[in-house]
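The values are calculated or read from the model by the stated rules, or taken from the named source; none is laboratory data. This is a predicted model, so every value here is computed, not measured. Glycine gets a Cβ as well: all are built from the backbone with ideal geometry, and neighbour counts include every protein chain shown. Side chains included, ligands, DNA and RNA excluded: accessible areas come from the protein's heavy atoms. Shrake-Rupley method; radii C 1.70, N 1.55, O 1.52, S 1.80 Å.
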Amino acid sequence: MKIIVTIKQVPEANKVAVNPETGTLIREGVESILNPFCEYALDMAVKLKIQNPDLNVEIIVISMGPPQAKYALIRCLELGADKAYLLSDRAFSGSDVWATALTLKEGILKKIGNFDLILAGKQAIDGDTAQVPAELAENLGIPHIYYGFDIKIDKKKINVKKETEKGYKVIEVRLPALVTISKGPSTIRRLPSMKDMIEARKKPLEIINAKSLNMDENKIGLNGSFTQVVKIFSPPTKKAGEIIDGNDSINAAEKLFMFLKEKLIV
Amino acid sequence: MLDNCTLCGSCINVCRYNALSIERAMIPLEDLKKFEGIIIWGELENKSGQLQFKKVVYELLGKALELNKELNEQISVAVLGPPGISALIDELFYYGTDIVYLCEHELLEDFSNDGYTTVFTSLIIDKKPSIVLYGATIKGRELAPRIAARLNLGLTADCTGLSINKQKQLVQTRPAFGGNIMASILSPYTRPQMATVRPNTFSKVKSKQSKKGIIEKISVKLEKQSIRTKIIEEISSKTESINIEDADILISVGRGIGSKENIKLVHELAQELKGTVSSSRALVELGWTKHPIQVGQSGKTISPKLYIALGISGAIQHLVGMQTSDIIIAINSDPEAPIFKVADFGIIGDLFEIIPQFLKLCRKNKESSL
Ligand SMILES: Cc1cc2nc3c(=O)[nH]c(=O)nc-3n(C[C@H](O)[C@H](O)[C@H](O)COP(=O)(O)OP(=O)(O)OC[C@H]3O[C@@H](n4cnc5c(N)ncnc54)[C@H](O)[C@@H]3O)c2cc1C
């Protein structure tokens, strides 16, 4: 059984800011990490592999990104993936959801071929859009289920526990299908051991450019994107709030009461 | 520079000197002009056995009315559901709806990506709107991209701002990088322009009089086989049936509460302020609260009128889920707690001292006003 996990490398979200003069992103000194939700998806794949030894699960990770995104993929290989593909080319730059989903589709069909299950993180912590997986599923003609947190494989079907607004649902779907993962099987970060790291070096990691995917230039990168970012800016800064000392709890409670009264809440 | 480049393309788009510009063929304006009107997805929810529209539907209508001052087109709501839902529709006409497209079918009783995509897609092809808006709810976030991919359309997710520019294009503004930056986005080449919008971002506008709107029944063609997912069971417990995304007032509790038993105090406060209780992830991990009420990156993004954080440190993953709330109040014993950076009003102190005093005040106030 082939499980594909889509991977994104992201800047540590809390450190990114806008340069007020140029209106561009300041990325200096911002570290890149494996998107935590992608890591959850990978963890889920590893769990399925361990739980189903008879299925001969092969875990393949694929990412579209800049050359340095290979470090996120190496991390995945250390954490249990068997094989990695990085779709990397300047021609892919500026891809929006549509262009990204299309490029991933081509990468999957041309490099991996048949597969049974695709797992993706529920969202990337930089863009937070959560839209690439559904578009990828549509492009591949397979059903998708969002916000999964547990999966059971039953021959050619899976049962997915999926978060809802009020609790959860169990949904059955035939494979192949795509599931996005909102919570990992374990919330404790795993750190690869020395042995994992050495093993990972022996696993294949292939870097693929636009040409070898043979894609129409007009469908990739900025050219292939239907949306266009016209402006980026810092969010309007909130004026600093009133912070008071609560050692005198009666006084503090009174001030809180007055504040809420002013806002017409009490 | 190259080392830091993530090929996100934002530099190309904003470069003032056009040094990095990439040319792209323009679609003839005439073709785009054939698309007219705003369609809003009338998402339904089941509230204690009763179907009703989600609050965000009314919020989207409020925004559509504002956009329509520039456009002067028709505002319609697409309602997909099981037969027998037409009684719900009247309410929509108080919020500015001109037309309701009513798509009823047994197979639309339960939401499915396959079923809803098929029906909504044919409606869009048929009606040719210039804008389609969805709530950025769990279902909206699953449905919109599927439709966008099927129709080859641009889509902007999770918008917090919408406006119309001089060229009559929809300017879609959304936060990125956990709210540290904002981006304004256009879909210049495709129609309809599609966006999902965060609940609690726009206000609803109810008028005293109902518009004389039209209900257009759409004949729905849907086959059982085309829905590839099957719901086996659905679990929603009592505490979980409160949707924190809909609450105007949230009283949120974190690890500072010390024990599961102590959460009682927070419920008392919530009762007093007519609010709903939510929590940080730390408590969900301890098993003291349930995941559906978790606020933050791996929980829900909420934006109530009032958010009170009690014993919550304010980790970035928490902040991204709540920092767009109208008013934020924090009580925390640690003056360095990052939650104070986003608070409109903060008390550095012990919540076990302050809340009981506050409750006393509320009760005294009530008595005196009787
Ligand atoms: C990928 C990822 C996703 C995550 N997603 C989320 C998410 O969705 N939501 C989320 O909340 N977290 C999330 N986290 C976890 C987050 O990093 C924090 O660990 C968590 O928010 C901390 O919860 P807390 O503030 O309740 O607890 P703590 O950080 O332990 O804070 C407790 C606070 O209570 C205060 N306190 C203690 N006693 C008192 C008292 N008597 N009176 C007043 N104050 C007191 C302390 O000063 C302290 O500031 C995520 C983490 C990761 C890595």
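Just to compare against my own numbers: the Cα pair-distance distribution for the stretch B:239-368, 10 Å bins, whole % per bin, please.
Percent of Cα pairs in each bin: 14, 49, 33, 4, 0.
Residue B:152 to residue A:194: FRET efficiency via 1/(1 + (r/R0)^6), r the Cβ-Cβ distance, R0 51 Å, to the nearest 0.05?
The value I calculate is 0.60.
Give me the accessible area per residue for the stretch A:2-219, probe 1.4 Å, as a whole number in Å². Write down the numbers at each step before the final one.
Working: 8860 Å² over 218 residues.
Heavy-atom SASA per residue in the stretch A:2-219 reads 41 Å².
Share of antiparallel DSSP beta bridges in the stretch B:239-368, in percent to the nearest 5? Each step should come with its number before you reach the end.
Details: 0 of 20 bridges.
Just about 0 percent of them are antiparallel.
Report, in whole Å, the centroid distance computed from the Cα atoms of the stretch A:232-261 and the stretch B:150-198.
33
When ligands, DNA and RNA are left out and all protein chains stay put, how many square angstrom of accessible area per residue does the stretch B:239-368 have with a 1.4 Å probe?
That works out to 40 Å² per residue.
For the stretch B:168-284, calculate the relative contact order in percent as a whole number, restricting contacts to Cα pairs under 8 Å that are 6 or more residues apart. Mind dumping the intermediate values first?
Working: 77 pairs, mean separation 20.8, N = 117.
That works out to 18 percent.
If you average the alpha carbon positions of the stretch B:49-81 and of the stretch B:271-298, how far apart do those two centres end up, in angstrom?
Measuring centre to centre over Cα atoms gives 30 Å.
Just check the stretch B:227-306 against the gyration tensor rule for me: Cα atoms, a ≥ b ≥ c as the square roots of the eigenvalues, rounded for a/c under 1.5, and otherwise prolate or oblate depending on whether a/b exceeds b/c. Don't skip to the answer; put the middle values down first.
Numbers: a/c = 1.95, a/b = 1.56, b/c = 1.25.
Judged from the Cα gyration tensor, the stretch B:227-306 comes out prolate (a/c at least 1.5, a/b above b/c).
At a Förster radius of 45 Å, what calculated FRET efficiency corresponds to the Cβ-Cβ distance of residue B:166 and residue B:248, to the nearest 0.05?
So, using R0 = 45 Å, E works out to roughly 0.80.
How large is ³J(HN,Hα), in whole Hz, for each residue of the stretch A:52-60 in order, when computed from phi with the Karplus curve 6.51 cos²θ - 1.76 cosθ + 1.60 and θ = phi - 60°, using x for Gly and Pro?
Running phi through 6.51 cos²θ - 1.76 cosθ + 1.60 with θ = phi - 60° gives 10, x, 6, 8, 6, 5, 10, 9, 10 Hz.
Within the stretch B:349-370, name every residue whose backbone N is under 20 Å away from a label modeled 7 Å from Cα of residue B:333 along the Cβ vector.
B:349-359
Given +1 on the Cβ of Lys and Arg, -1 on the Cβ of Asp and Glu, and no further charges, what dipole in debye does the stretch B:275-370 carry about its Cα centre, rounded to the nearest 20?
That gives the stretch B:275-370 a dipole magnitude of about 380 debye.
Rank B:330, A:118, B:269 by how far each Cα sits towards the positive end of the charge dipole of the protein assembly as shown (+1 on Lys, Arg Cβ; -1 on Asp, Glu Cβ) and give me just the farthest.
It is A:118, whose Cα lies furthest towards the positive end.
Restricting to DSSP H runs of at least four residues, report the calculated mean residue ellipticity at 222 nm for chain B, -39500 (n - 2.57) per run over all residues, nearest 500 deg cm²/dmol. Provide the component values of the computation, followed by the final result.
Numbers: 10 runs with 103 residues, N = 370.
-8500 deg cm²/dmol, from helical runs alone.
Spelling out what I want: for every residue of the stretch B:85-98, take phi, set θ = phi - 60°, compute 6.51 cos²θ - 1.76 cosθ + 1.60 (Karplus), and round to whole Hz; glycine and proline get x.
So the J values, rounded to whole Hz, are 9, 5, 5, 6, 6, 3, 3, 4, 6, 7, 10, x, 6, 8.
If you wrap the protein assembly as shown's Cα atoms in a convex hull and average its projection over all directions, what's the area in nm²? Could you put the intermediate results ahead of the total?
On the way: hull surface 118.7 nm².
The directionally averaged projection comes out at 29.7 nm².
Which residue fluctuates the most in chain B, going by a Gaussian network model with Cα springs under 10 Å, if the choices are B:138, B:263, B:164?
Taking springs between Cα atoms under 10 Å, the residue moving most is B:138.
Between residue A:19 and residue A:247, what length in nm is gained on full extension when 0.36 nm per residue of separation is reduced by their alpha carbon distance? Display every interim value, and only then the final one.
Details: separation 228, 0.36 × 228 = 82.08 nm, distance 3.98 nm.
My answer for the length gained is 78.1 nm.
R0 = 41 Å: FRET efficiency of residue B:72 with residue B:259, Cβ-based, nearest 0.05? Numbers along the way, then the final one.
Details: r = 59 Å, r/R0 = 1.44.
Using R0 = 41 Å, I get an efficiency of 0.10.
Hull surface divided by four, with the convex hull built on the Cα atoms of the stretch A:54-102: how many nm²?
Working: hull surface 16.9 nm².
Orientation-averaged projected area of the Cα hull: 4.2 nm².
Can you classify the stretch B:26-226 as rounded, prolate or oblate using the Cα gyration tensor, where a ≥ b ≥ c are the square roots of its eigenvalues, rounded means a/c under 1.5, and otherwise it's prolate if a/b beats b/c and oblate if not? Walk me through the numbers on the way to the answer.
Numbers: a/c = 1.38, a/b = 1.27, b/c = 1.08.
Here the stretch B:26-226 falls in the rounded category.
Taking the Cα centre as origin and putting +1 on Lys and Arg beta-carbons and -1 on Asp and Glu beta-carbons, what dipole magnitude results for chain A, to the nearest 20 debye? Write out the running numbers ahead of the final one.
Details: 38 positive and 33 negative charges, 148 e Å.
Taking the Cα centre of chain A as origin, the dipole is about 720 debye.
Suppose only helical runs count, i.e. DSSP H with n ≥ 4. What mean residue ellipticity at 222 nm does that imply for chain A under -39500 (n - 2.57) per run, divided by all residues and rounded to the nearest 500 deg cm²/dmol?
Numbers: 7 runs with 72 residues, N = 266.
Dividing the helical sum by the residues of chain A leaves -8000 deg cm²/dmol.
Mind checking the log10 I(q)/I(0) for chain B at q = 0.06, 0.15 Å⁻¹? Debye, one equal scatterer per Cα, no solvent, two decimals.
At q = 0.06, 0.15 Å⁻¹ the computed log10 ratios are -0.28, -1.32.
Any of B:211/B:300; A:83/A:211; B:54/B:212; A:70/B:139; A:8/B:224 with alpha carbons more than 25 Å apart? Name them for me. Walk me through the intermediate numbers first.
On the way: B:211/B:300 35 Å; A:83/A:211 21 Å; B:54/B:212 22 Å; A:70/B:139 33 Å; A:8/B:224 36 Å.
Distance filter (> 25 Å) returns B:211/B:300; A:70/B:139; A:8/B:224.
Mind ranking A:117, A:140 by accessible surface for me, highest first, 1.4 Å probe?
Working: A:117 0, A:140 35 Å².
Greatest to least solvent exposure: A:140, A:117.
Can you work out the Karplus-derived ³J(HN,Hα) for every residue in the stretch A:190-206? Use 6.51 cos²θ - 1.76 cosθ + 1.60 with θ = phi - 60°, whole Hz, and x for glycine or proline.
With coefficients 6.51, -1.76 and 1.60, one gets 8, 10, x, 7, 4, 4, 4, 5, 5, 4, 4, 5, 8, 7, x, 9, 10 Hz.
How far apart, in nm, are two points set 7 Å out from the Cα along the Cα-to-Cβ line at residue A:90 and at residue B:305?
Each label point lies 7 Å from its Cα, and together they span 5.4 nm.
Given a 1.4 Å probe and the protein chains all in place, what does the accessible area of residue B:35 round to, in Å² to the nearest 10?
50
With a 1.4 Å probe, how much accessible area is buried between chains A and B, both sides summed, in Å² to the nearest hundred?
Numbers: alone 16140 and 20840 Å², together 28090 Å².
Between A and B, the summed buried area is about 8900 Å².
Of all accessible surface on the stretch B:26-226 at a 1.4 Å probe, what whole percent is carbon and sulfur?
Values: 4000 of 8190 Å².
Looking at the stretch B:26-226 in its full context, I get 49 percent from C and S.
Between 0 and 90 degrees, rounded to the nearest ten: what's the tilt of helix B:263-273 against the longest Cα principal axis of chain B?
Computed tilt is about 70 degrees.
Within a 10 angstrom radius of each residue's Cβ in A:150-161, how many Cβ atoms of other chains show up on average? Whole number is fine. Display every interim value, and only then the final one.
Working: counts 0, 0, 0, 0, 0, 0, 0, 1, 0, 3, 2, 3.
Going residue by residue through A:150-161 and averaging, the value is 1.
Taking springs between alpha-carbon atoms closer than 10 angstrom, which of A:214, A:251, A:35 fluctuates most in the Gaussian network model of chain A?
Between A:214, A:251, A:35, it is A:251 that shows the largest mean-square fluctuation.
State to the nearest 20 debye the size of the charge dipole of the protein assembly as shown about its Cα centre, where the only charges are +1 on K and R beta carbons and -1 on D and E beta carbons. Before the final figure, lay out the partial values.
On the way: 82 positive and 74 negative charges, 132 e Å.
The calculated dipole for the protein assembly as shown is roughly 640 debye.
For residue B:215, list long-range residues whose amide hydrogen, built 1.01 Å from N in the peptide plane, is under 5 Å from its own amide hydrogen.
Amide H neighbours of residue B:215, under 5 Å, 5+ apart: B:100.
Once you sort the root eigenvalues of the Cα gyration tensor of chain A as a ≥ b ≥ c, which label holds: rounded (a/c under 1.5), prolate (a/b larger than b/c) or oblate (the other case)? Before the final figure, lay out each step's value.
Numbers: a/c = 1.93, a/b = 1.47, b/c = 1.31.
Prolate shape, in that a/c is at least 1.5 and a/b is the bigger ratio.
With both partners inside chain A, how many of the DSSP beta bridges are antiparallel, as a percent to the nearest 5?
Values: 18 of 44 bridges.
The antiparallel fraction comes to roughly 40 percent.
As a test, work out the antiparallel percent of DSSP beta bridges whose residues both lie in the stretch B:26-226, rounded to the nearest 5.
On the way: 13 of 39 bridges.
Approximately 35 percent, going by the DSSP bridge assignments.
Between residue B:360 and residue A:240, what is the label-point separation in nm under the 7 Å Cα-to-beta-carbon projection?
3.2
For the residue pair residue A:207 and residue B:271, what label-to-label distance in nm results when each label sits 7 Å from Cα along the Cα-to-beta-carbon direction?
With each label placed 7 Å out from Cα toward Cβ, I get 6.3 nm.
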